[in-house]
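Heads up, the thing below is written out as structure tokens.
Please treat every number below as a calculation from the coordinates, not as lab data. Owing to the predicted nature of the structure, the values given are computational and were not obtained by experimental measurement. Backbone-built Cβ (ideal geometry, glycine too); neighbour counts: all protein chains shown.
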């Protein structure tokens, strides 16, 4: 009896165990500082003949140093045909969830055992100017998923610098501090220090007051406000 | 002799201390390269009998567990003849004690086998050995009685001139002539069941029920049937008398043969199997214990077989006791694992077969799936 059970278990284990090659695609950060401000990564695996699989990898904080440009987690996809090409796309977004700062794309012709490498690159020659600030002091106990949108404008609301649709931003909006690429309105060379900005949150179920922040520093290509 | 005596004494103390008037069968077993310790077995049996136990001696035991004439034919007769020659040689060396001991064992053996089925010569030679012993002991009356017994066993036999001096041959011939001239006696043998072969003084004479005329004197009778244990009788017939003997033949011993038991006991890993083989022997012989004696190097191993169910057990003192020149071992039987009366779901065979079928089905499905689906791999995307 024990022999039969042992054989059965061994057989099941052998048959149920992972078969075929196991390929690891290692993502490396870009050679410049374009990864700074990335709130999270979106990994899309597109096997030929199959539906693409997308995973959002979001950490607790955005990338604020070049050496920290790493995926917060790994993505594992099984059951891929080994003789068909697979395209892997990795995109790093800021807290808006729509503005890509780094991107990488790799096409794997067939799965063979071993490690492959993919180095991310700057998503565009000119990236939006980065503004980093903490939102918690305005939100207090308001949960992230209760916020519909956020806007950043110059003082007195004379000019709106950014509108963020939190539904579009998905999980990328949540890492704190928030790192937002401002397409226009801020000097990309750091001349807007001491500029006052108004931050407005729309959360229908919570009374959230408008907040006022002041740009205090220009360090390593990004503005920091408080 | 001293070693043997101490062995017998020790074994005697062990057995008698744990059993009150037990029925004990003594079985000498051979071991690789060693003959069965017949003399030690007989000594032990004699001492046990002297202490009030009911003992079936080795000769009786072997005779009773044999089937038909198994072990009582020409090979058996040749063994007894060799023992007789050895006893005579001992007597020639003036070792009277050894010769007497061997003669006693021969007497038990021959009587236990009802004279056997290997011819009358061995009986005659045994009687002449006893006569020689009596003569050297100056017991003329006893010597004469043994001579008469030799003539009665083999009235038509001519003594071998190479083994017997002329005066002994002349004496044998004169006594034979005298007994043959006397009125013969009639011996009637009835057996249950009937149609058994009747062997008288080692020679097949008739099928039961039957009557035969014999020279007056002592005669050994053996009734054998292929399906039954032999029945034996030891009768003394007077001239002109008619004597009837009824022998009941019991069902044959169907357990393991002595040879098989010897091979099992010789293997330590199968000794428990040997115990289980001795158990049915105890039941067949209707004894409480079977004491198997096995030579083992310069020691002797006493194997005390467990009693049949419901009988008194040989106490644990036997197991733990240490005996000089002997090792006492209380054998334990292999537990019965009968499954005939178990329901189907309690039988291991059911689960074994069921498990095999399930495993086969699962394996088949998995193998089929593996053979029909294309090979796949795994991709992992991560940071260094």
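Before moving on, here are some points about what is shown:
- A Förster radius of 41 Å, combined with the Cβ-Cβ distance separating residue A:194 from residue A:73, puts the computed FRET efficiency at roughly 0.60.
- Counting only alpha carbon atoms, the long axis of helix A:2-16 and the longest principal axis of chain A meet at about 50°.
- Report summary: the helix-based calculation at 222 nm, which adds -39500 (n - 2.57) for every DSSP H run with n ≥ 4 and divides by the residues of the protein assembly as shown, gives -10000 deg cm²/dmol.
- Our estimate of slack between residue B:299 and residue B:367, defined as 0.36 nm per intervening residue step minus the Cα-Cα distance, is 18.3 nm.
- Likely footprinting exposure, B:47, A:165, fewest C-beta neighbours within 10 Å first: A:165, B:47
- Cα gyration tensor, the range B:177-259 - rounded (a/c under 1.5), prolate or oblate: prolate
- Sorting B:235, B:294 by the number of Cβ atoms found within 10 Å of their own Cβ, with the fewest placed first, yields B:235, B:294.
- Distant alpha-carbon pairs in the range B:32-89 (separation over 17 angstrom), percent: 54 percent
- Take each peptide in B:101-110, A:201-210, count the other Cβ atoms within 10 Å of every residue, and average; sorted highest first, the result is B:101-110, A:201-210.
- Here the convex hull built on the C-alpha positions of the protein assembly as shown has a volume of 305 cubic angstrom per residue.
- Tensor-based shape of the range B:105-184 (alpha-carbon gyration tensor, a/c under 1.5 rounded, otherwise prolate or oblate): rounded
- Near-label residues of the range A:63-100 by backbone N, under 16 Å of a point 7 Å along Cα→Cβ of residue A:220: A:63-71
- When you count the other C-beta atoms within 10 angstrom of each residue and take the mean per peptide, B:266-272, A:120-126 line up highest first as A:120-126, B:266-272.
- From least to most packed, judged by other beta carbons within 10 angstrom and beginning with the fewest, B:344, B:76, A:218 follow the order B:344, A:218, B:76.
- Base-10 log of normalised Debye intensity for chain A (one unit scatterer per alpha-carbon) at q = 0.18 Å⁻¹: -1.24
- Cα-projected label distance for residue B:86 with residue A:148, points at 7 Å along beta-carbon direction, nm: 11.7 nm
- Normalised contact order of chain A, rounded percent, pairs of Cα under 8 Å and 6 or more residues apart: 21 percent
- Max-minus-min Cα coordinates of the range A:124-226 on each principal axis give 39, 30, 22 Å, with the largest extent listed first.
- FRET efficiency, 1/(1 + (r/R0)^6) with R0 22 Å, evaluated for residue B:257 and residue B:283 via beta carbons: 0.85
- Mean-position separation - Cα centroids, the range B:31-87 and the range A:161-225, in angstrom: 112 Å
- C-alpha center-to-center spacing [the range B:132-177, the range B:211-262] in angstrom: 25 Å
- Ellipsoid fit via the Cα gyration tensor, the range B:107-244: semi-axes of 27, 16, 13 Å, each the root of five times an eigenvalue, largest first.
- The peptide list B:141-147, B:228-234, put in order of mean Cβ contacts within 10 Å with the highest first, becomes B:228-234, B:141-147.
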